[in-house]
1. Tell me which label goes with the value of P(r) over Cα pairs in 5 Å bins from 0, in percent computed from the coordinates here: (1) 3, 17, 31, 30, 14, 4, 1; (2) 3, 14, 26, 23, 23, 9, 1; (3) 3, 14, 22, 22, 20, 11, 6, 2, 0.
2. So if a site counts as exposed when it's one of the GluC sites (Glu not before Pro), its DSSP state isn't H, G, I, E or B, and it has at most 16 other Cβ atoms within 10 Å, what's the longest stretch of the chain without one?
3. Under the definition of Cα pairs under 8 Å and six or more residues apart, what whole-number percent is the relative contact order of the chain?
4. Roughly speaking, what is the stretch gain from residue 10 to residue 36, that is 0.36 nm per residue apart minus the C-alpha to C-alpha distance, in nm to one decimal?
5. What does the net charge come to around residue 26 if you take all other residues with beta carbon closer than 14 Å to its beta carbon, with K and R at +1 and D and E at -1?
Amino acid sequence: MVEDSEIEAAFRFFDPEGKGSINIQDLKKRLQPFYKDMPIAEYKFLLGEARSMTLKDLKDLLADNDVAGFDPVA
């Protein structure tokens, strides 16, 4: 089970300015050092259909530690 404090720490990593939401640019800025050739489609996949995600959105997504609608082939 993922603790709220762990989710909050992960969110702060992607939102270091404290805007209250993360978007594709935030993800790219933080993940690009690790995944230099990651296509934009992968960043979009991480956000789902939303253009941005709040801490509440992330907590709701991870509430049951079950990502719904995940299609590994897509």
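1. Matching entry in (1) 3, 17, 31, 30, 14, 4, 1; (2) 3, 14, 26, 23, 23, 9, 1; (3) 3, 14, 22, 22, 20, 11, 6, 2, 0: (2).
2. Counting at most 16 other Cβ atoms within 10 Å as exposed, the longest clean stretch of the chain is 18-48.
3. 37 percent
4. Difference between extended and current length: 7.4 nm.
5. Charge balance in the 14 Å sphere: +4.
Quick note: the coordinates plus some simple rules give every number you see, no bench work behind them. Predicted model, so just to flag it, every value in this text is computed and none were measured. Counting neighbours? That spans all protein chains shown, and the Cβs are built from the backbone with ideal geometry, glycine included.
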